[in-house]
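Peer 1: A single structure is presented below for examination.
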2 protein chains.
Amino acid sequence: MKKQNRKSFISTIAFTFGGIALHATAPEKMNNKQLIHHVFFWLKNPGSNADLEKLLEGLRTLAKIETVKNIYIGVPADTQKRSVVESSYAASELLFFDDLAGQKTYQDHPIHLNFIKNCSHLWDKVVVYDVMGV
Amino acid sequence: MKKQNRKSFISTIAFTFGGIALHATAPEKMNNKQLIHHVFFWLKNPGSNADLEKLLEGLRTLAKIETVKNIYIGVPADTQKRSVVESSYAASELLFFDDLAGQKTYQDHPIHLNFIKNCSHLWDKVVVYDVMGV
């Protein structure tokens, strides 16, 4: 292998391992110190697909807020029904922030306030869990 | 740039973008189709740091289960107290799976069953949310 090629090869390997470290199958998958903001929504009209779609569309706009590091929008999964599983909600919004300040920026951000203005008439109840990684 | 070097360079760029796609700041941070399993625990002795540490230690063992793609262990974050924020729980376990089958493997896995055997005496209540990304 020529010197220049070896250098490129090493860079490639480094990037590969960089990728693995982010989504690892080893102890690296333990992720610490992020702030997790998980919100569950119950609709006023639980049977309305149109209302659910409007809510999901609104939730997707939150991805544009710069302090939102990762966003996962979802609905109840078809896992086994058990007494401990809460599956009566309509939609779930899971956001990752670097820190408390990032979450505060999100709370006050025009895109978030606009989402509340446009969508809050759709929901009957909201439950929020804020988790700090340890 | 020689042909071989160009190829290596392109590979490097591809890996770089691969990395960015995992933890992106653009629309790529919208993450779909993963199964999210979020469990909240309330302790029998909410004031016991020793019990909390035992529970957190037990939760960390779950990272070893091969179908657990990402794991985030945490405690209530010090965000603003609001009526919609549920912060009375003691610990949070957030797991990512590729699909329903991955979650089922986890439920039946000896490491998970061992965690329940060793730690279930610590908790008074558990609430589980299973979310499918859309």
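The values are calculated or read from the model by the stated rules, or taken from the named source; none is laboratory data. Because the structure is predicted, anything quoted here is derived from the model rather than measured. When we count neighbours, we look across all protein chains shown, and the Cβ atoms used for this are built from the backbone with ideal geometry, even at glycine. For the accessible areas, the whole protein counts, side chains as well, though only heavy atoms, and no ligand, DNA or RNA atoms are used. Shrake-Rupley method; radii C 1.70, N 1.55, O 1.52, S 1.80 Å.
Peer 1: For label points placed 7 Å from Cα toward Cβ, what is the shortest-first list of nm distances from A:Ser48 to its copies?
Peer 2: In ascending order, 4.8 nm.
Peer 1: Once phi is turned into ³J(HN,Hα) by the Karplus curve 6.51 cos²θ - 1.76 cosθ + 1.60 with θ = phi - 60°, what whole-Hz value does each residue of region B:121-130 show in order, with x for glycine and proline?
Peer 2: For region B:121-130, the Karplus-derived couplings read 5, 7, 9, 9, 8, 9, 10, 10, 10, 10 Hz, x marking Gly and Pro.
Peer 1: Continuing with this model, one more query. Residue by residue through region B:55-67, which ³J(HN,Hα) values in whole Hz follow from phi under the Karplus form 6.51 cos²θ - 1.76 cosθ + 1.60 (θ = phi - 60°), with glycine and proline marked x?
Peer 2: With coefficients 6.51, -1.76 and 1.60, one gets 5, 4, 5, x, 4, 5, 5, 5, 4, 6, 6, 5, 7 Hz.
Peer 1: Also, quick follow-up: May I ask you to evaluate 6.51 cos²θ - 1.76 cosθ + 1.60, the Karplus curve with θ = phi - 60°, for each residue of region B:111-117 and list the ³J(HN,Hα) values in order in whole Hz, giving x for glycine and proline?
Peer 2: 5, 5, 5, 5, 4, 4, 4
Peer 1: Quick check for you: with a 1.4 Å probe and neighbouring chains kept, what is the accessible area per residue of region A:43-134, in Å²?
Peer 2: Values: 4330 Å² over 92 residues.
Heavy-atom SASA per residue in region A:43-134 reads 47 Å².
Peer 1: Additional query: Distances from B:Ala101 to the same position in the other copies: list them in nm, one decimal, shortest first, using label points 7 Å from Cα along Cα→Cβ.
Peer 2: Shortest to longest, the spacings are 4.5 nm.
Peer 1: Taking a point 7 Å out from Cα toward Cβ as the label site, list the nm distances between B:Asn114 and the same residue in every other copy, smallest first.
Peer 2: The projected label point of B:Asn114 is separated from its counterparts by 5.1 nm.
Peer 1: To continue, here is another question. Per-residue Cβ counts within 10 Å, from other chains only, averaged over B:122-130: what number is that? Write out the running numbers ahead of the final one.
Peer 2: Working: counts 0, 0, 0, 1, 4, 5, 7, 14, 11.
Taking all residues of B:122-130 together, the mean is 5.
Peer 1: For region B:104-119 and region A:30-109, compute the distance between their C-alpha centroids and round to whole Å.
Peer 2: Measuring centre to centre over Cα atoms gives 27 Å.
Peer 1: What ranking, highest mean first, results for peptides B:41-54, A:119-132 when packing means the other Cβ atoms within 10 Å averaged over each residue?
Peer 2: Highest-to-lowest ranking by the protection proxy: A:119-132, B:41-54.
Peer 1: For the cross-link pairs A:Lys117/B:Lys81; A:Lys54/B:Lys33; A:Lys125/B:Lys54; B:Lys33/B:Lys54; A:Lys117/B:Lys44; A:Lys69/B:Lys104, which exceed 31 Å when the distance is taken from alpha carbon to alpha carbon?
Peer 2: Numbers: A:Lys117/B:Lys81 21 Å; A:Lys54/B:Lys33 19 Å; A:Lys125/B:Lys54 34 Å; B:Lys33/B:Lys54 33 Å; A:Lys117/B:Lys44 40 Å; A:Lys69/B:Lys104 28 Å.
Distance filter (> 31 Å) returns A:Lys125/B:Lys54; B:Lys33/B:Lys54; A:Lys117/B:Lys44.
Peer 1: Here's something else I'd like to know. With a 1.4 Å probe, what is the total accessible area buried between chains B and A, in Å² rounded to the nearest 100?
Peer 2: Values: alone 9480 and 9480 Å², together 13760 Å².
Buried surface at the B/A interface: approximately 5200 Å².
Peer 1: Can I ask one more? How well do other chains shield peptide B:79-88, expressed as the mean number of their Cβ atoms within 10 Å of each residue Cβ? Working shown, then result.
Peer 2: Numbers: counts 12, 5, 0, 4, 2, 6, 7, 6, 4, 0.
Mean partner-chain Cβ count within 10 Å for B:79-88: 5.
Peer 1: How shielded is B:95-102 by partner chains, expressed as the average number of their Cβ atoms within 10 Å of its Cβ atoms? Could the numbers behind the result be given before it?
Peer 2: Values: counts 1, 5, 2, 0, 1, 4, 0, 0.
The mean count of partner-chain Cβ atoms within 10 Å per residue comes to 2.
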